[in-house]
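Enquirer: There's a structure below that I have some questions on.
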Amino acid sequence: MPEKPKIAIMISGTGSNMEAIASACRRGSLDAVISIVISDDPGAPGLKKAARRGLAVFASPYEKGAAREENEAPIIEALKNAGVSWIVLAGYMKILSPSFVRTFPGRIVNIHPALLPSFPGAHAIKDALEAGADFTGVTVHIVDEYVDHGPILAQEEVAVIPNDTEDTLAVRIHEVEHRLYPKTLQQLFHEDY
Ligand code: GRF
């Protein structure tokens, strides 16, 4: 039985992907231990959900006007103290500095609600709708020093259907995310990519 890797999950909002990952760990379909859930927003609903699940949580709000590296310093310290081997971004809305990424090279994973390289950025679902795309999807990738960029681990298409709104499309994208993220993490942690 291989050892379970310790992971950190970083969130800014709802935390539904964090919950899907935590449920998969509990069920045993994802062999990993969530050592810490980190947010840049102390009021993030996902942080409360994590605490309710008994997970260790850490909030570190960014100071306006401070350098990104300064804002990230307490988070890097928390990650190092937790001794995690993987950092899983699940709706973390701050862009990580190149120095943060270099501190954990090839060890940061992200999920994006579009088929990268199409529709990078914070409004991927809206952008796909506005572009009139017939389909969009979900990408899980390793994070490099560019935004929504890096080696792709998994992608799955989601069709855009007539009269879709941002909300209706988001529901179907989230369904795929909640299945694809834990499954891809299990492969990444325990199989060769
Ligand atoms: C997801 O759609 C993810 O792809 C994007 O941010 C969203 C987070 O949603 N990066 P949640 O907080 O996991 O519900």
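Coordinate-derived values only; no laboratory data. Only a predicted model underlies this, so the values are computations on that prediction, with no experimental measurement involved. Glycine also receives a Cβ, built like all others from the backbone with ideal geometry; neighbour counts cover every protein chain displayed.
Enquirer: Would you be able to say whether some residue in region 163-184 is away from the ligand (no atom under 14 Å from the Cβ), surrounded by fewer than 17 Cβ atoms within 10 Å (Cβ to Cβ), more than 15 Å from the chain's Cα centre (by Cα) and within 15 Å of Leu115 (Cβ to Cβ)?
Expert: no
Enquirer: Report the residue count in region 55-102 for those that are closer than 24 Å to Thr184 by Cβ and part of a helix (DSSP H, G or I).
Expert: 6
Enquirer: All but one of (1) more than 11 Å from the ligand (Cβ to nearest atom); (2) within 15 Å of the chain's Cα centre (by Cα); (3) buried (at least 21 other Cβ atoms within 10 Å of the Cβ) hold for Thr136; state the number of the condition that does not hold.
Expert: So the condition that Thr136 fails would be (2).
Enquirer: What are the residues in region 60-90 that are in contact with a helix residue (DSSP H, G or I) (Cβ under 6 Å, 6 or more places away or on another chain) and within 16 Å of the ligand (Cβ to nearest atom), if any?
Expert: Scanning region 60-90 gives a single hit, Ala90.
Enquirer: Those residues that are under 26 Å from Phe100 (Cα atoms), in a loop (DSSP other than H, G, I, E, B) and among the hydrophobic types (A, V, I, L, M, F, W, C), I need them from region 142-193; list them, please.
Expert: Val143, Val147
Enquirer: Kindly provide the set of residues from region 5-47 that are part of a helix (DSSP H, G or I) and over 17 Å from the mean Cα position of the chain (by Cα), ordered by number.
Expert: Arg26, Arg27
Enquirer: Please state which of the following conditions Glu145 fails to meet, knowing it meets all the rest: (1) in contact (Cβ under 8 Å) with a residue 12 or more places away in the chain; (2) touching a strand residue (DSSP E or B) at 6+ places or on another chain (Cβ under 9 Å); (3) surrounded by fewer than 16 Cβ atoms within 10 Å (Cβ to Cβ).
Expert: With respect to (1) in contact (Cβ under 8 Å) with a residue 12 or more places away in the chain; (2) touching a strand residue (DSSP E or B) at 6+ places or on another chain (Cβ under 9 Å); (3) surrounded by fewer than 16 Cβ atoms within 10 Å (Cβ to Cβ), Glu145 is out only on (2).
Enquirer: When you scan region 31-51, do you find a residue that is hydrophobic (A, V, I, L, M, F, W, C), farther than 19 Å from Val143 by Cβ, within 14 Å of the ligand (Cβ to nearest atom) and touching a residue at least 40 places away in the same chain (Cβ under 8 Å), even just one?
Expert: yes
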